[in-house]
Amino acid sequence: MKFTIYQESRIGQRKNNQDRLAYSYSRDALLMVVADGMGGHLHGEVAAHICVQFVTEAFQRDARPMLRDPSLFLSRVLTNAHNAILDYAFDKNLDEAPRTTVVACIVQDGFAYWAHAGDSRLYVVRQGQIAMHTRDHSRVQLMMDQGLLNAEEAAHHPGRNRVYSCLGGNHAPQVEFSKRLPLRDGDVLALCTDGVWGPLGDAALTAALSAPDIMQAVPALLDRAEGIAGPSCDNLSMIAMRWHDDATQPHADAISTRTMALDNFTTQLESFDTSRTPASRYDISDDDIEKAIAEINAAIHKFSK
Amino acid sequence: MPAQTNCPLPAGFQLDQYRIERQLSLGGFSIVYLAHDREGSPVAIKEYLPNSLALRKEGEFEPQVSDEHMPAFRYGMKCFFEEGRSLAKLMHPNVVQVLNFFRANGTVYMVMKFERGRTLHDYIQKHRGEVSERFIRIVFTRMLNGLREVHAHKLLHLDIKPSNIYLRNDGTPVLLDFGAARQTLMSDQPILKPMYTPGFASPEQFEHRDALGPWSDIYSVGASLHACITGNAPQRSDERVKDDTVVPLRRTHAAHYSAQLLDTIDWCLKLDPLARPQSVYSLQKSLIRRDEDGDAVHAGLFGDLGARLKSFIGRT
Ligand SMILES: Nc1ncnc2c1ncn2[C@@H]1O[C@H](COP(=O)(O)OP(=O)(O)OP(=O)(O)O)[C@@H](O)[C@H]1O
Ligand SMILES: [Mg+2]
């Protein structure tokens, strides 16, 4: 396999990053997964974390170096990830299991297979156009389907974050599976959370994902989404993968898995490097430093009397 | 980012009201110096200097921190303050005493009472395989007085291990390095994160951080006791959870130590937090218990240390 891949997650203006994402590949199979823990719910980021970790570990167990049946793998692994979240809630005596959206994609034998629950999306961009994308499991999407809302109204609808399917929670997820899609040279698959697609329109997404270099286009796209969202910016995360025919002379950053050992995996689990999170969250001002020192010295003197 | 070593401040350097004499240690997060205050009394000064984020070059005083690392550097400083805060609240003969906290050279410093002696780690290395039962019972019972005080203030140490237990020359132990308090804040700070030492950390420190409690420090005490007896930490607890290869000491070391002591250690090292002693006090009770030979550890150890220990250490 030959492809170029880029992933990034940003905290936006929120206190926590509840998005989790990872990709992993063996010689013959590639997994990409994105999960968005649900903030209003207890332990949302835990749900997202369990989901991504569970799916990644299952992939590494089964893709040696190929999955027997990618669709079956996706259906089994997402059900089990859902159960792993419920187990966690049970262990911790939580009243309600935490919840997360998920979108996961497998590429193998030149075909892509994906599945999702909730409103994290997968886009297929082909020849400068969105060839397909997942349909959100949200109330607004249902209303749009029934002609009750148009896209513009949906984008501002107060209930736009309400999803009716997800992993965890009190209801069994309704996971939706794609047909298998034969990939063509230059196709881009992009998985992202609503923090990315929410502020941007299709045009901006298409333009960025059609650019020759996704390694530059994706961070620029995230900048743009952050800029538009402003102070209410949600966590935003994206994995984008451009597929290359084995014959083409691809981009310098492309990965070729041809020479990988059969039992080898390369995995990238987003670990939220501080360098990209806004300084304000971690930074303490000179004033804070002085205060902390004064407080410590006051305690020292109080106790050393 | 490549691991780099930071240059210590030079001997004779005037740091605030203190004069640096020499470097005592270099950790991943800080440098500790021996220095003298204005009256000439010795102090130990801990300088916040995480080597993954800040670099002090030869001949310079201010460490360089890149813009990229500045937020993380400042954040780590917050955690260094946590150590100061924890220690400042405690006033106990078995917990190192903080004397001052100040800012200089673009970083921060914690001044502690200088203690003469060596770490339990050094002691174990020197006396491999022949650390006596009496020594173990006495030192740990005393050290646990300090830990009890820590827990009484609703703090956890979370980095108890032989190199953070200091033995004064008179044989009394002092708990050092409350740096692990920083961890609690740090769950999503990969650059600064793994500060604990694997073989001594409890399983819940790896996995279920919301299950942390006094029993977590007790696991580390058990691992330190284990090191006294075998010379090494037990298998890392995150691996034990998957495949436990730890053999009860009762089966391997019964020739040299009483069954009661070995059982106590095995008790502390239970993987299930609820199966361990739940409080320092219950562990102390077990450590001072008269063992089969009738060799009792003085109950007075709960209070002040007698001259016994002094002569005892003097002999070794
Ligand atoms: N108050 C003190 N008196 C004498 N020596 C000290 C004192 N504090 C620290 N030391 C010496 O410095 C060493 C390191 O100290 P400490 O454990 O506090 O820091 P560290 O392990 O380097 O810290 P970190 O884990 O934060 O990098 C100790 O093992 C001890 O030898
Ligand atoms: Mg230490």
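What the table below lists for this structure:
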| item | result |
| --- | --- |
| Residue with peak Gaussian network fluctuation, chain A [Cα springs, cutoff 10 Å], from A:Leu148, A:Leu183, A:Leu30 | A:Leu148 |
| HN-Hα J in Hz across segment B:33-40 - Karplus 6.51, -1.76, 1.60, θ = phi - 60°, x for Gly and Pro | 10, 8, 9, 10, 8, 4, 7, x |
| Cα-based reach from B:Lys89 at 28 Å (exclusive), listing lysines while leaving out same-chain residues under 8 positions away | A:Lys291, A:Lys302, A:Lys305, B:Lys46, B:Lys78, B:Lys113, B:Lys154, B:Lys161, B:Lys193, B:Lys285 |
| Where GluC sites (Glu not before Pro) fall in DSSP loop in segment B:1-107, at most 12 other Cβ within 10 Å | B:Glu39, B:Glu58, B:Glu60 |
| Distant-in-sequence amide H partners of B:His256 (H built 1.01 Å from N, under 5 Å) | none |
| Cα-based Rg of the protein assembly as shown normalised by 2.2 N^0.38 Å, two decimals | 1.13 |
| Backbone N within segment B:74-106 under 20 Å of label point (7 Å from A:Lys302 Cα along the Cβ vector) | B:79-93, B:95-102 |
| Of the trypsin sites (Lys or Arg not before Pro) in segment B:33-85, those whose Cβ has at most 16 other Cβ within 10 Å and which sit in DSSP loop | B:Arg38, B:Lys57 |
| Cβ-Cβ FRET estimate between B:Arg118 and B:Arg19, R0 fixed at 22 Å, reported to 0.05 | 0.40 |
| Amide proton proximity set for B:Ala104, modelled H, under 5 Å, gap of 5+ | B:Tyr109 |
| Per-residue [θ]222 nm for chain A (sum of -39500 (n - 2.57) over DSSP H runs n ≥ 4, rounded to 500) | -10500 deg cm²/dmol |
| Dipole in debye (nearest 20) - chain A, about Cα centre, beta carbon charges: Lys, Arg +1; Asp, Glu -1 | 460 debye |
| Residues A:Met238, A:Met32, A:Met132, sorted so that the one with the fewest Cβ neighbours within 10 Å comes first | A:Met132, A:Met32, A:Met238 |
| Cα-based reach from A:Lys92 at 18 Å (exclusive), listing aspartates and glutamates while leaving out same-chain residues under 8 positions away | A:Glu45, B:Glu204, B:Glu207, B:Asp210, B:Asp272 |
| In sequence order, calculated HN-Hα J values of segment A:61-68 (Karplus, 6.51, -1.76, 1.60; Hz; x Gly/Pro) | 6, 9, 8, 10, x, 10, 8, 5 |
| Residues in segment A:1-43 reached by a label modelled at A:Asp223 [backbone nitrogen below 19 Å; 7 Å Cα→Cβ] | A:6-13 |
| Shape of segment B:104-173, Cα gyration tensor, a/c cut at 1.5 | oblate |
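Read-outs throughout are calculated quantities, based only on the coordinates presented, and are distinct from any laboratory measurement. These numbers come from a predicted model, not from an experiment. All Cβ positions, glycine included, derive from the backbone under ideal geometry; neighbour counts span all protein chains shown.
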